[in-house]
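What follows is a set of notes on a single structure, which appears directly below.
The values are calculated or read from the model by the stated rules, or taken from the named source; none is laboratory data. Every value quoted in this text rests on a predicted model; they were computed, and no experiment measured them. All Cβ positions, even for glycine, are placed from backbone atoms using ideal geometry, and neighbour counts span all protein chains on display. All accessible areas refer to the heavy atoms of the entire protein, side chains included, with ligands and DNA or RNA removed. Shrake-Rupley method; radii C 1.70, N 1.55, O 1.52, S 1.80 Å.
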Amino acid sequence: MAFNCSSFITYKKNQLGYFPSSFPSSFITDKKCKKIISKKIVSLVSPKKNKLKPSTTGSSKSPMTATEKMLARASEKCEVKPGQNAWVNVDVLMINDITCPGVSGIFKKEFGNIAKVWDREKIVVIPDHYIFTNDERAHRNVDIARDFCMEQDIKYFYDIQDRSNFRVNPDYKGVCHVALAQEGHCRPGEVLLGTDSHTTSAGAFGQFATGIGNTDAAFILGTGKILLKVPPTLRFVLDGEMPNYLLAKDLILNIIGEISMSGATYKTMEFVGTTIESLSMEERMTLCNMVVEAGGKNGIVAADRITFKYLEDKTSTPYEPIFSDEKARFQAQYRFDVSKMEPLVAKPHSPDNRALARECNNVKIDRVYIGSCTGGKTEDFMAAAKVFLAGGNTVKVPTFLVPATQKVWMDIYTLEVPGSGGKTCSKIFEEAGCDPPASPSCAACMGGPRDTYGRLNEPKVCVSTTNRNFPGRMGHIEGQVYLASPYTAAASALTGLFGEIVDMVKTQRRGSTQ
């Protein structure tokens, strides 16, 4: 498919060689022979040849940020600058169950009912949002996705057919952003786009990842390209030893509270510093997951040995890490001393309504929810289990546990919690009186049908490890959602109030399952 935009130069051949299709005034047309003739030959332009992209070899004209370099390489340019538009080649396109009907419908309307997608192996379709429900419209979404994937022979369709027992569906994974990482679809230096705003999670792998709408996704299905404006970059420097009562959720809530929900609108949020370097991949995913709550276009953490180790058994596809140049220009830079931070929450009804958890100790809690792409990963449940173990009591309020994926669900039942004497998370949760871990999905994070597990069907107060707390986000329009880390959520479950997280976990060492 041809693109008529300033990013592309088309060439026309004449007797002298190849010339751009738009010519300077020194060129005239001989009306008789209809050929382009030059009165004065200045130079010849040879056909385009394949060669290494300067943006990947470091020979660009001016220093660039990692995001700029990735978009330059993906658009086959030597360099790009913030504000410029570029036709970008997409490496991976992710679509979920609630968007696939719309995306596939637009694709067929614009490209034709018998049109084929640009690359069946670069498309990932993941049912995850409204799965374990009796709502027939939700079931229809998955059915439409299944039919489309069969028509197009999509290689990566993580289907579910038997909802009564997710474990009998070997292809089903769960929450798309966590599944993308676990299944090896996240790779440094690449461009990954998805029909979900929290696709930014994949920026943890040192790649450009952002959410797009149905129309853009349909266009990518047919062409493999998207027109993107290059975002400027904000740099966040986080240094200091991370206290053992903090998690990445506290870090990102602090940043959002500092710059507001519009503070990074259409900007890259790049995270660096000694604290960032010490974080596991899952914690980095938490950081990048919520950049969109600050308006960010994408988040990014430079790939390093932790990234490469995580990817060892997940992908055999070659990848090339890209890093910001030393003299790259950033629109602004923010510095944080993490060693002085305390556990935070975001009060209703906005992710930037930041407060110290201890300042909310008079808030009576009705329930706790641990799950989602932000707070439903293996390490999130490990963190919650440590608090329940240290607390030594049973929960005072209903506590809902929703693993992000099948793998996380298995980890909860098989991995031993450090310092527990051999107990698994599931055993600790059982002893603490939590609800049994539910089927892996997005569940109540986005409300969903009324029978969705954990949904707020009444105006209750909920402490949640999810990412948004707008009115009605988790169900009831009058529900009050406090966003918190797994540590804070678990401590709150034990007290029915915002517990003293510092005291409960100060003797626990930060652990990692990776």
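When region 390-415 is filtered for residues that are at pLDDT below 95 and not small (Gly, Ala, Ser), only Asn393 remains. Being touching an Asp or Glu at 6+ places or on another chain (Cβ under 6 Å) and surrounded by 16 or more Cβ atoms within 10 Å (Cβ to Cβ) is a condition met by at least one residue of region 351-372.
From the list Val481, Val461, the lone residue that is more than 16 Å from Ala385 (Cα to Cα) and open to solvent by 10 Å² or more (accessible area, probe 1.4 Å) is Val461.
Among helices (runs of 4 or more DSSP H) entirely within region 241-320, having at least 2 residues that are among the β-branched types (Val, Ile, Thr) and open to solvent by less than 50 Å² (accessible area, probe 1.4 Å) singles out 248-259, 274-278, 305-311. Return yes or no: is Gly375 buried (at least 18 other Cβ atoms within 10 Å of the Cβ), touching a Pro at 6+ places or on another chain (Cβ under 9 Å) and on the phi < 0 side of the Ramachandran plot? The answer is yes for Gly375.
Residues of region 92-126 that are open to solvent by less than 50 Å² (accessible area, probe 1.4 Å) and either assigned to a loop (DSSP other than H, G, I, E, B) or over 15 Å from Leu221 (Cα atoms) (or both): Asp97, Thr99, Gly112, Ala115, Val117, Asp119, Ile126.
Taking the condition part of a strand (DSSP E or B), under 30 Å from Asp135 (Cα atoms), of a type outside the set (A, V, I, L, M) and out of contact with any Ser or Thr (no Cβ under 7 Å at 6 or more places or on another chain), does Phe429 pass? Write out each step before concluding.
Values: part of a strand (DSSP E or B): no; under 30 Å from Asp135 (Cα atoms): yes; of a type outside the set (A, V, I, L, M): yes; out of contact with any Ser or Thr (no Cβ under 7 Å at 6 or more places or on another chain): yes.
When the stated conditions are applied, Phe429 does not pass them.
Residue pairs whose Cβ atoms lie under 7 Å apart, sitting 6 or more positions apart in sequence or on different chains, and linking a residue in region 197-212 that is under 10 Å from Arg284 (Cβ atoms) to a partner that is at pLDDT 95 or above and among the hydroxyl-bearing types (Ser, Thr, Tyr), are Phe205/Thr307; Gly206/Thr307. For beta carbons closer than 7 Å, sequence separation of 6+ or different chains, a first residue in region 266-295 that is over 18 Å from Ser324 (Cα atoms) and a second that is crowded, with 24+ Cβ neighbours inside 10 Å and among the acidic types (Asp, Glu), the qualifying pairs are Ser280/Glu379; Glu282/Glu379; Glu283/Glu379.
Considering only region 415-426, state which residues are in a loop (DSSP other than H, G, I, E, B), touching a residue at least 24 places away in the same chain (Cβ under 8 Å) and not hydroxyl-bearing (Ser, Thr, Tyr). Talk me through it step by step, then tell me what you get.
At the first step, the residues of region 415-426 found to be in a loop (DSSP other than H, G, I, E, B) are 415, 417-423.
When the remaining residues are screened for being touching a residue at least 24 places away in the same chain (Cβ under 8 Å), the result is 415, 417-420, 423.
Answer for region 415-426, where residues must be in a loop (DSSP other than H, G, I, E, B), touching a residue at least 24 places away in the same chain (Cβ under 8 Å) and not hydroxyl-bearing (Ser, Thr, Tyr): Leu415, Val417, Pro418, Gly419, Lys423.
Among residues of region 70-89 that are touching a residue at least 12 places away in the same chain (Cβ under 8 Å) and closer than 15 Å to Val191 by Cβ, those with a Cβ under 6 angstrom from a residue that is among the acidic types (Asp, Glu) and in a helix (DSSP H, G or I), sequence gap 6+ or separate chain, pair up as Val80/Glu68.
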